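One structure below.
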Amino acid sequence: MKAVRLTVRQAVMEQRNFWRSPEYALFTFALPLFLLLLLGAANGGSYLPGHIRQIKVLVPSILAFGVIAAAYVNLGAKMAVLRHDGVLKRIRTTPLPAGAYLVGHIASTVATSLAIAGSMGVVGWLAFGTVPRLGGMFILASGLALGIVCFAALGLAVSSLIKSAESASPITNASYLPIAMISGIFDPTIGIPHWLSGAAGALPIKALAQVLEDAYTPAAHAFPAVDLAILLAWAVAGAALAAWRFRRQPALTAR
Amino acid sequence: MTSQLTAEIPAGDTAPDLAVHVRGLQMSYGDRSVLCGIDFEVRRGEVFCLLGPNGAGKTTTVEILEGFRARTGGTVTVLGLDPAAQPARLRERIGIVLQECGFPRQARVGELIDLWRDYYPHPRPLGDLLDVTGLTADRNSPVRRLSGGQRRRLDFALALAGDPDLVFLDEPTTGFDPEARRRLWTSVENLRDLGKTIVLTTHYLDEAERLADRVAILLDGRIKIAGSTREVARLAALPSRISFRMPNVLLSGAIPAPEGIDLTVRGHTATCQTRNTAVTLRALLDWAARYRVGDLDDLAVDTPSLEDAYLHHVERSDGDPGL
């Protein structure tokens, strides 16, 4: 019970710390919203193959982008900074179970990700009249749940590979933005070679975008089991890498 | 060597007044030995100093005591617990002040200490922690706005959050200016006044001399000598030094040098070494009286210090091929 209470307290503290750097919090929320409004206004009205209005694909894909920014970049960069600042070292001197500490961080990240997803969903509705179809709610929920878990795990994994506090933000951002672009997150009509598009399809970014798109576009596809499986596979891989790296940590002081 | 990693040492087996009990502690990486079987004890309520040059194994020893490194041999008991067997339980009762340790960037002093308190079963009251470390005025300050000295005090506050019985300080003044060092020494003395047992590692002799009740000199993975600072100095069996300013009458050769006393002169200072301080001093004073030298200016008697003993051991160790 105490572990649970500590986890909750840690999560609350992390949320509070997130909102305390307003520029950072603003950036994490504002960028996806801004992109949605910009791209939605510019291209939303045009039609994609299959007579689908582009906005119906843009909203979910940029929503995916927002979730990735919160879960992957946020958590990944933050953990790398905490490690290189020596904060993790200090935590290890206390009786706080590593699990409680970590889950506290993850819980805060989940809350932030859901907040972004929520605000983007609302903007998609108010600005563009685009909402997920009723039958797609379950798909939306599973996509968000699995997507957040997957990208949080990947964020933790990448944080264990980052070498300094200063490089944390550049590396986390640079490691997913190009892939997001190639995956067609910002422009579903992007012309890229077939093999590249295929490769992107195996990556979790496109998988998440496709699951969420599925919830927004008119029905008549099968349940996106493959994409969800891809997310799950990457989640497991990320968690395994993170666990392996953190277990290999050198003893308290590295001189 | 067989390793004796005992999982459970019944509390009654260690004398209750011992905070730390170490016997035959070994630490090897493959065939490289960092600690070659060391023994020492730390009594409750004292400041114990592990002294040695860099690379001697001080930090390794302390990490083993804290439960962060698994030893390869010997027995270690800290507050009645084996750090290798029960590290989490041990951490509830110890405080560790680390070097180069940061704080969460957005934290505020009071709320950070309060969060830390929650990690422990029997924390000290928040107001008390702020008071003892002089941070009451900074309770709501963001951590990133603190000065170096305030950050250090916050390190102490966090280490004390759980009201530990034993506090570890690893090279606490490395890189500090003289002013900051003195302030930290005062903090350590305050900790002792609170009844804490303190284990301190350092390569600064003046620090050990000032703070330690008992000290152990660690060299090349072995403890050369241990005891109170006075004992250690005495055990090295080094002579005392008596020095005074050369009187002009002696310089000019107008009077003979004192008999039976081997005086070395450097610049204006005459020094002699003796194992019988009082006797030699008396002979000197008699000589001064006899030849009407008057008062011996800058007369000083230096009994062997910890530094002398330490350097003596280090020099011996350097010359010894077997070590």
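Summed over both chains, the accessible area lost when B and A associate is about 2800 Å², using a 1.4 Å probe.
Short version: which residues of the range B:60-91 lose at least 10 Å² of accessible area, all chains versus chain alone, 1.4 Å probe? The answer is B:Glu63, B:Phe68, B:Arg69, B:Ala88, B:Arg91. Expressed to the nearest 5 percent, the antiparallel share of DSSP beta bridges inside the protein assembly as shown is 65 percent. Within the accessible surface of the range A:41-125, defined with a 1.4 Å probe on protein heavy atoms only, the carbon and sulfur portion equals 69 percent. Label-to-label distance, A:Leu37 versus A:Met137, with points set 7 angstrom from Cα along the beta-carbon direction: 2.9 nm. Between the C-alpha center of the range B:163-208 and that of the range B:53-127 there is a gap of 15 Å.
A Förster radius of 22 Å, combined with the Cβ-Cβ distance separating B:Thr136 from B:Glu111, puts the computed FRET efficiency at roughly 0.95. Amide H contacts of B:Leu299 (H built 1.01 Å from N, in plane; Pro and chain starts excluded): B:Arg245 sit under 5 Å, all sequence-distant by 5 or more or on other chains.
Among the residues of the range B:106-123, those with an accessible-area drop of 50 Å² or more from chain alone to full protein complex, heavy atoms and 1.4 Å probe, are B:Gln106, B:Glu111, B:Leu115, B:Trp116, B:Asp118, B:Tyr119. One chain, two ends: B:Ala278 and B:Asp128. Fully extended at 0.36 nm per residue, the span grows by 49.0 nm beyond their Cα-Cα distance. Surface exposure of the protein assembly as shown, expressed per residue as accessible area with a 1.4 Å probe, stands at 46 Å².
Residues whose amide H lies under 5 Å from that of B:Gly73, counting only those 5 or more places away or on a different chain, are B:Gln26; hydrogens are built 1.01 Å from N in the peptide plane.
For the range B:145-153, putting each phi into the Karplus relation 6.51 cos²θ - 1.76 cosθ + 1.60 with θ = phi - 60° gives couplings of 8, 7, 6, x, x, 5, 5, 4, 5 Hz, in residue order, rounded to whole numbers and with x for Gly and Pro. In sequence order, the range B:194-211 has phi-based couplings of 7, x, 6, 8, 10, 10, 10, 10, 7, 10, 8, 5, 5, 5, 4, 4, 6, 9 Hz under the Karplus curve 6.51 cos²θ - 1.76 cosθ + 1.60, θ = phi - 60°, and Gly or Pro positions carry x. Working note: Karplus 6.51/-1.76/1.60 with θ = phi - 60° gives the range A:188-203 the couplings x, 8, 4, x, 10, x, 4, 5, 5, 5, x, 4, 4, x, 7, 8 Hz, where Gly and Pro are set to x.
Summed over qualifying helices (DSSP H, 4 residues or more, each -39500 (n - 2.57)) and divided by its residue number, the protein assembly as shown shows a 222 nm mean residue ellipticity of -15500 deg cm²/dmol.
Approximating the spin labels as points 7 Å out from Cα along Cα→Cβ, the A:Ala145-to-A:Arg9 distance works out to 3.0 nm.
Here's the picture: a label point sits 7 Å out from the Cα of B:Asp165 along the beta-carbon direction, and within the range B:34-65 the residues with their amide nitrogen under 14 Å of it are B:42-46. Considering only A:Leu114, A:Leu102, A:Leu228, the mean-square fluctuation computed in a Gaussian network model of chain A, springs between alpha carbons under 10 angstrom, is largest for A:Leu102. Amide H contacts for B:Val215 (H built 1.01 Å from N in the peptide plane; partners 5 or more residues away or on another chain; cut-off under 5 Å): B:Cys49, B:Gly227, B:Ser228, B:Thr229.
With a Förster radius of 56 Å applied to the beta-carbon distance between A:Leu48 and B:Phe176, the computed FRET efficiency rounds to 0.30.
The values are calculated or read from the model by the stated rules, or taken from the named source; none is laboratory data. In this text, all values refer to a predicted model and were calculated from it rather than measured experimentally. In this analysis, Cβ positions are derived from the backbone assuming ideal geometry, glycine residues included, and neighbour counts consider all displayed protein chains. Please note that ligands, DNA and RNA were not included when accessible areas were found on the heavy atoms of the full protein model with its side chains. Shrake-Rupley method; radii C 1.70, N 1.55, O 1.52, S 1.80 Å.
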